[in-house]
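> One structure, as structure tokens, below. Some questions next.
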């Protein structure tokens, strides 16, 4: 460690300890065992402060004592705010170069969700509604699982790992309580809440935000020890007036639900104030992304749900809400809409591709949706449980925007083409039979034809026949002819009341016996 760093660390205190004492604390934990470290790096101020400290701690150790690997892991959801993606990518490259130069056992890694679990495959492919506070399906798929998979991979190699986080008690009291609950007595470590053989180390858990910025800004006038400037990070915070999205490793980690740096598609909040501030500060090229995000948010407004979403769930059935606590069970249950209509998903995908093309033509190197995601979305559309895309429209949709084809694989054994669907639709209207039901029955029969064992075919056919077929009003009329959820609840409550009365009578009988 050079004299400039040492002088700074001796002069300034951080949460009651000098900088040198903080470095020595980290060195003590590092040297205590052979378990490798996984540093959760979000690119924000807290994870940057932790990484600076660990980099300096390793730099101050003799080479022979740098005995175990340190993995710096950043999570890319594939829908991160573009300027943040650029910052993280450049930071990881600089950290890796610095570590090679300084002979430190640090390697950088970026993890992404499985293609089948990405934001666009779920929203545009499967029709999942834009995330809300009540239905935040994105966090686990996009953030928790990719990082957890990386940690599990290291556990399988090394048996145990230590996960180092930039969590601070001042930033998230709930996160601090969770870590304190799992703290190992007499140790600086806590047990991971969900992953066995993984332990948590939070070196700056008692630091203030001012102390975090001090190590980032004042250590070497914004210069990080690996050789890159932190001035861009400072400007990013000034431009957005918001905090960063933390590295999410489990469900106890605070979400990005307060307009923090995170996904540009985030609809968990009513307004993306971070994006708005960045645009106002000069990044106005991102306005089309904000407009697209705001459009998605509008689909979640209660009065708009029935417009954008199918009346049937992906199960093929119409469903209704359960009675909530304190609700009168005699009240009629509200209908729960299903996935987005395929027509809207097609429209939005085309708009997304047009935005991507336009931004690239204006000099912004950006990929809003990957080619792998497009292939996966096409598969989802072809096999959609409610609205199968018999016309296989995605290849043509892509060509209409970019004027070229991707390497699409066409299945010659597909059961229906557009002309077939039109014939069946016409016959269905004439005979008052739902054409899609006939198509699905034929699909099941066709998929199992030629098999010597056709076990389960009748169960599959029965499942299709039991789905709700017809228009919304027709299905509701059919449901009204059967016992409704409200009637079922009322009957169940009546049975419970009778059971309680019988128990009281039994008790009286025992008393007088």
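> What single numbered condition from (1) at pLDDT 95 or above; (2) in contact with a helix residue (DSSP H, G or I) (Cβ under 7 Å, 6 or more places away or on another chain); (3) within 23 Å of residue 117 (Cα to Cα) fails to hold for residue 401?
For residue 401, the exception is condition (3).
This table checks each residue for (1) modelled with pLDDT of 85 or more; (2) outside any loop (DSSP other than H, G, I, E, B); (3) over 19 Å from residue 42 (Cβ atoms).
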residue: 175; (1), (2), (3): no, yes, no
residue: 199; (1), (2), (3): yes, yes, yes
residue: 212; (1), (2), (3): yes, yes, no
residue: 215; (1), (2), (3): yes, yes, no
residue: 245; (1), (2), (3): no, no, no
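> Can you name the condition, by its number, that residue 261 falls short on among (1) surrounded by 20 or more Cβ atoms within 10 Å (Cβ to Cβ); (2) assigned to a loop (DSSP other than H, G, I, E, B); (3) at pLDDT 85 or above?
Looking at each condition in turn, residue 261 falls short on (3).
> Answer yes or no: is there a residue in the stretch 149-159 that is modelled with pLDDT of 85 or more and touching a helix residue (DSSP H, G or I) at 6+ places or on another chain (Cβ under 9 Å).
Residues of the stretch 149-159 that are modelled with pLDDT of 85 or more, as a first pass: 149-159.
Adding the requirement that they be touching a helix residue (DSSP H, G or I) at 6+ places or on another chain (Cβ under 9 Å) leaves none.
No, every residue in the stretch 149-159 fails to be modelled with pLDDT of 85 or more and touching a helix residue (DSSP H, G or I) at 6+ places or on another chain (Cβ under 9 Å).
> For the stretch 96-118, give me each residue that is touching a strand residue (DSSP E or B) at 6+ places or on another chain (Cβ under 7 Å) and assigned to a helix (DSSP H, G or I). First the steps, then the outcome.
The first filter runs over the stretch 96-118 and keeps only residues touching a strand residue (DSSP E or B) at 6+ places or on another chain (Cβ under 7 Å), leaving 96, 99, 105-111.
Of everything in the stretch 96-118, those that are touching a strand residue (DSSP E or B) at 6+ places or on another chain (Cβ under 7 Å) and assigned to a helix (DSSP H, G or I) turn out to be 96, 99.
> Now, a different point. Would you check if there is a residue in the stretch 100-116 being out of contact with any helix residue (DSSP H, G or I) (no Cβ under 9 Å at 6 or more places or on another chain) and farther than 22 Å from residue 276 by Cβ?
Applying the first criterion (out of contact with any helix residue (DSSP H, G or I) (no Cβ under 9 Å at 6 or more places or on another chain)) to the stretch 100-116 yields 100-101.
The next check asks that each one be farther than 22 Å from residue 276 by Cβ; those that pass are 100-101.
Yes - at least one qualifying residue is present in the stretch 100-116.
> On to the next question. Quick check, is residue 41 modelled with pLDDT of 95 or more, within 25 Å of residue 234 (Cβ to Cβ) and crowded, with 16+ Cβ neighbours inside 10 Å?
On the way: modelled with pLDDT of 95 or more: no; within 25 Å of residue 234 (Cβ to Cβ): yes; crowded, with 16+ Cβ neighbours inside 10 Å: yes.
Judged against the criteria, residue 41 is not a match.
> Here's something else I'd like to know. Working only within the stretch 96-142, note down all residues that are within 12 Å of the chain's Cα centre (by Cα) and closer than 30 Å to residue 66 by Cα.
112
> When the residues of the stretch 288-320 are narrowed to those that are at pLDDT below 90, touching a helix residue (DSSP H, G or I) at 6+ places or on another chain (Cβ under 7 Å) and surrounded by 18 or more Cβ atoms within 10 Å (Cβ to Cβ), which ends up farthest from residue 276 (Cα to Cα)?
Ranking the qualifying residues of the stretch 288-320, first place goes to 318.
> Select from the stretch 265-320 the residues that are farther than 26 Å from residue 343 by Cβ and touching a residue at least 40 places away in the same chain (Cβ under 8 Å) and list them in ascending order.
Across the stretch 265-320, the qualifying residues are 274, 275, 278, 281, 282, 283, 285, 286.
> For the stretch 44-75, name all the residues that are touching a strand residue (DSSP E or B) at 6+ places or on another chain (Cβ under 8 Å) and either in contact (Cβ under 8 Å) with a residue 40 or more places away in the chain or buried (at least 19 other Cβ atoms within 10 Å of the Cβ) (or both). Before you say what the answer is, go through the steps one by one.
Kept after step one, since they are touching a strand residue (DSSP E or B) at 6+ places or on another chain (Cβ under 8 Å), are these residues of the stretch 44-75: 47, 50-51, 54-55, 58, 68-75.
Scanning the stretch 44-75 gives 47, 50, 51, 54, 55, 58, 70, 71, 72, 73, 74, 75.
The values are calculated or read from the model by the stated rules, or taken from the named source; none is laboratory data. Just so you know, these numbers come straight off a predicted model, no measurement behind them. Cβ: placed from backbone, ideal geometry, glycine included. Neighbour counts: every protein chain shown.
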